[in-house]
1. Going through region 223-245 one residue at a time, which ones are in contact with a helix residue (DSSP H, G or I) (Cβ under 9 Å, 6 or more places away or on another chain) and over 24 Å from residue 156 (Cβ atoms)?
2. Scan region 39-62 and tell me whether some residue there is in contact with a Ser or Thr (Cβ under 8 Å, 6 or more places away or on another chain) and of a type in the set (Asp, Glu).
3. Tell me which of these residue 137 doesn't satisfy, since it passes every other one: (1) within 18 Å of the chain's Cα centre (by Cα); (2) modelled with pLDDT under 95; (3) open to solvent by 20 Å² or more (accessible area, probe 1.4 Å).
4. Contact list please: Cβ distance under 8 Å, first residue in region 273-284 and touching a residue at least 60 places away in the same chain (Cβ under 8 Å) and among the small types (Gly, Ala, Ser), second residue surrounded by 12 or more Cβ atoms within 10 Å (Cβ to Cβ) and part of a strand (DSSP E or B), pairs at least six apart or on different chains.
5. With respect to residue 296, determine if the residue is open to solvent by 20 Å² or more (accessible area, probe 1.4 Å) and at positive phi.
6. Could you list all residues from region 294-324 that are closer than 19 Å to residue 343 by Cα, in contact (Cβ under 8 Å) with a residue 60 or more places away in the chain and not in a loop (DSSP other than H, G, I, E, B)?
7. So if I check each of 132, 62, 101, 85, which one is open to solvent by 40 Å² or more (accessible area, probe 1.4 Å), of a type in the set (D, E, K, R) and within 15 Å of residue 213 (Cα to Cα)?
8. May I ask you to list pairs of residues, at least six apart or on different chains, whose Cβ atoms are under 8 Å apart, with the first in region 177-198 being over 28 Å from residue 117 (Cβ atoms) and part of a loop (DSSP other than H, G, I, E, B) and the second being of a type in the set (Gly, Ala, Ser) and modelled with pLDDT of 95 or more?
Amino acid sequence: MKLPGFAVSALRIGLVLMAAFWLGACGGGDGAFELKQAYVGVDTEGSGDAVVGRRELLAGQRVRLFAILEAVSADGSPIYFSEARSITIDGEPVDPATIRRWEGRRIVKNLWSTVEGSAPYTEIDSVENLRRFRVESFSHPAWGNGWVAEASVRARRDDSLELEQAQRLSFGTQHYQVWIELFDDEMALVPGERFKSAGPQELLADSSRFPAVEMHLEGALDLPSRKFGLSFLQPTPEAPEEVVETVAGWTEQNIASNRLLLLRALLERAGVAGGDAPWQRIELATGVSWDQVAPGDLLQVGDRWVVLYQDDGDGELDPDDLCFDFLKGAMVRPISAVFVGTGDVDWLSLTSGS
């Protein structure tokens, strides 16, 4: 049966309206909204509050990352696609009414990365070598490709570099990136679109807004525990002032670190000056108890120093106890791996001022 002309026209209009409705409901950058930018939001303790920026946590707390995809709707209003309950960008909370779960027709896969220095320790003698210092993205496929990732602060490069007695610990500083990839269907081999959140270049340019976690211990171990996961940079004696100033700036921003600047900061935080610090001579394994010394205290022989970390369980200070060693990157080592034998060492309390 042949339909009248007006019926055919009505049917065509209906099909067009249905298609338009379907496209508008499914979105995907096809007219319902325009995708703009990717962010990583850092959540703590499962609150669902995603902050695009640096967050501080005590060691052992849970770290979750939220992928955030910013878009603009057809009427110009913002949309933030995310699983987060709330979002804060540049210190400003976004309107909760603009936060939605992904409603596009395309399939989203999120690739999670950490942004780290390429080596745990580097000596720098020139501006040219400083420019060769690389901050890179290291992928974490074990974190999955969903909108939410259970993350850690452990340095990825520890998996591929041979660090003597290196230990992977639940404290330190880590920076995060996500690639949000949109596929037309499950069979697509490459994404139709990809949006990257801030990466290595943005970290070096402005760390204040970069998504990061500083997971730290309490008390006198607070500051040194934040330095794990960072690259330690050491200007050589012949390095120009520009190198020294840049390394100092990166250390202050906790992008990288420096052993001597860390020592100065530890002494200043404890209220003692370097030349006037009340060092005491003690002998290892001669009955000094952990009631006298404490985590965060310093041990020194010559120009080599370490931070006391943990007793081995016998209650006495001895070579088997653990320390933080920052000679060529941040490491946890037995005292015996730094100071050979059971002889004299200089001890400085940073907890009592004694």
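1. 235, 236, 239, 240, 242, 243, listed by residue number.
2. Within region 39-62, one or more residues are in contact with a Ser or Thr (Cβ under 8 Å, 6 or more places away or on another chain) and of a type in the set (Asp, Glu).
3. (2)
4. Filtered contacts from region 273-284: 277/348.
5. Taking the combined requirement at face value, the residue does not satisfy it.
6. Result: 307, single match.
7. Going through 132, 62, 101, 85 in turn, just one is open to solvent by 40 Å² or more (accessible area, probe 1.4 Å), of a type in the set (D, E, K, R) and within 15 Å of residue 213 (Cα to Cα): 62.
8. Filtered contacts from region 177-198: no entries.
The values are calculated or read from the model by the stated rules, or taken from the named source; none is laboratory data. The structure displayed is predicted, hence computed values, not measured ones. Glycine also receives a Cβ, built like all others from the backbone with ideal geometry; neighbour counts cover every protein chain displayed. Note: accessible area is taken over every heavy atom of the protein model, side chains too, but ligands, DNA and RNA are not part of it. Shrake-Rupley method; radii C 1.70, N 1.55, O 1.52, S 1.80 Å.
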